[in-house]
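The values are calculated or read from the model by the stated rules, or taken from the named source; none is laboratory data. These figures come from a predicted structure and were not determined experimentally. Positions of Cβ are backbone-derived with ideal geometry, glycine not excepted, and every protein chain shown enters the neighbour counts. We work out accessible area using only protein heavy atoms, side chains counted, and drop any ligands, DNA or RNA first. Shrake-Rupley method; radii C 1.70, N 1.55, O 1.52, S 1.80 Å.
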Amino acid sequence: MIVADRKSLDEILKMLKPYKKVLLLGCNECVTVSATGGEREVGVLASELKLSRAKDGQEIEIREQTLERQCDHEYIDQIRPFVGDYEVVLSMACGAGIQYLAETYKDKTVLPAVNTTFLGVTLEQGVWSERCQGCGECVLHMTGGICPIARCAKSLLNGPCGGSSNGKCEVDKDLECGWQLIIDRLKALNQMEKYEEIIPIKDWRTSRDGGPRKRIREDLKL
Amino acid sequence: MRLNYPTNIKVVKVPCTGRVDTLLILKTFESGVDGVYLAGCLEGECHFLRGNLRAKKRVQYVKTLLEEVGLGSGRVEMYNMSSAQGQRFAEVAREMAEKIRALGPSPVKKRKL
Ligand code: SF4
Ligand code: SF4
């Protein structure tokens, strides 16, 4: 899932300063699961904003709405009948959702209430961890199912570096060395021959370096 | 036992403090209350095993939210007592009422939401 962090109330209040009528939009997908921008978090943020404004004797009107997704037209279109009643849209979806709203409602100011951070997994309730950086050319078959791009601090393709010590990464003593994990796993799988193979220099154009990516399935197009 | 506790405390009964969610506490502040405290069972004695421990964490979280909002974290607290501790109930009620009195009325109350 896509994992995000709520922005601080201070930052959100600054963005909202000129506005009194706010449409606060959550998203029912990833940010709900990562407890950042679902219906509950929409409720909490709306309450925080109202309390904060009331404390300072300022008005604010907030409509709370949580869409099934903010990255698909059919859901974004659901706000069309009333979006015009609000001065600003504050979105708690990931960056993709926020942008799609802004693209759809061109005359509306759309503000982000979250910082979108990573593609990851739920380690335990309340704890999420990064796993993939969407590099566009997956090498997990070479690395025992552990991603060297996302889990090595330097995204080394042939690691570890000299900073790996006792299984920890040099950038943070609490951080596991991604390459130590890969080696341990390959050993356990009896696939150390894969470790001996040198992974060639990566063509980063399949990642962000080639500009924004697009995927097309002609058979599905209408 | 006919114990007295401050009359300005309104008791809201819930089946377990684990039922009290973050938003519920925030909403009470929106309605203008000066403070909220949860009276949970003793730790380790929750009928639902972890309800009061979860409530404790939520109260901690609400403290950070109230701090962010500018109402101050002291307006919400968690206490634990057993249903046999009537004395303790009255004592906590007085303690919390005193604490809130010292903090003064909620700045949200003066101006209606
Ligand atoms: S190699 Fe690329 S696609 Fe595969 S998990 Fe890592 S970042 Fe994601
Ligand atoms: S110590 Fe390990 S994880 Fe950290 S940069 Fe070096 S190889 Fe990567």
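Please verify whether region B:56-77 includes one or more residues that are part of a strand (DSSP E or B), away from chain A (no Cβ under 14 Å) and either within 26 Å of B:GLY104 (Cβ to Cβ) or at pLDDT below 95 (or both). Working first, answer last.
Going residue by residue through region B:56-77, those that are part of a strand (DSSP E or B) are B:76-77.
Checking the rest, the ones that are also away from chain A (no Cβ under 14 Å) come to B:77.
This time we only want the ones that are either within 26 Å of B:GLY104 (Cβ to Cβ) or at pLDDT below 95 (or both), so: B:77.
Within region B:56-77 (the criterion being part of a strand (DSSP E or B), away from chain A (no Cβ under 14 Å) and either within 26 Å of B:GLY104 (Cβ to Cβ) or at pLDDT below 95 (or both)), the answer is yes, since at least one residue qualifies.
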Qualifying residue in region A:166-181 (condition: within 16 Å of ligand 1 (Cβ to nearest atom), in contact (Cβ under 8 Å) with a residue 12 or more places away in the chain, under 30 Å from A:ARG40 (Cα atoms) and open to solvent by less than 50 Å² (accessible area, probe 1.4 Å)): no
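For region B:45-55, which positions are open to solvent by less than 90 Å² (accessible area, probe 1.4 Å) and either of a type in the set (Lys, Arg) or not in a helix (DSSP H, G or I) (or both)?
B:CYS46
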Count of residues meeting criterion [within 16 Å of ligand 2 (Cβ to nearest atom) and open to solvent by 100 Å² or more (accessible area, probe 1.4 Å)] in region A:188-201: 1
First in region A:147-159 and more than 15 Å from A:TYR195 (Cβ to Cβ), second anywhere and more than 12 Å from ligand 1 (Cβ to nearest atom) and of a type in the set (Gly, Ala, Ser), Cβ under 7 Å, 6 or more apart: none
Filter result for the condition that a residue is part of a helix (DSSP H, G or I), of a type in the set (Val, Ile, Thr), over 29 Å from A:LEU23 (Cα atoms) and more than 10 Å from ligand 2 (Cβ to nearest atom), over A:ILE149, A:ILE182, A:ILE98: A:ILE149
Members of region A:202-222 that are open to solvent by 70 Å² or more (accessible area, probe 1.4 Å) and more than 14 Å from ligand 1 (Cβ to nearest atom): A:PRO212, A:LYS214, A:ILE216, A:ARG217, A:GLU218, A:ASP219, A:LEU220, A:LYS221, A:LEU222
Selection count where residues are modelled with pLDDT under 95 and within 29 Å of A:GLY126 (Cβ to Cβ), scope region B:83-107: 0
Conditions (1) within 16 Å of ligand 1 (Cβ to nearest atom); (2) more than 23 Å from the chain's Cα centre (by Cα); (3) open to solvent by 20 Å² or more (accessible area, probe 1.4 Å); number of the one not met by A:GLY144: (3)
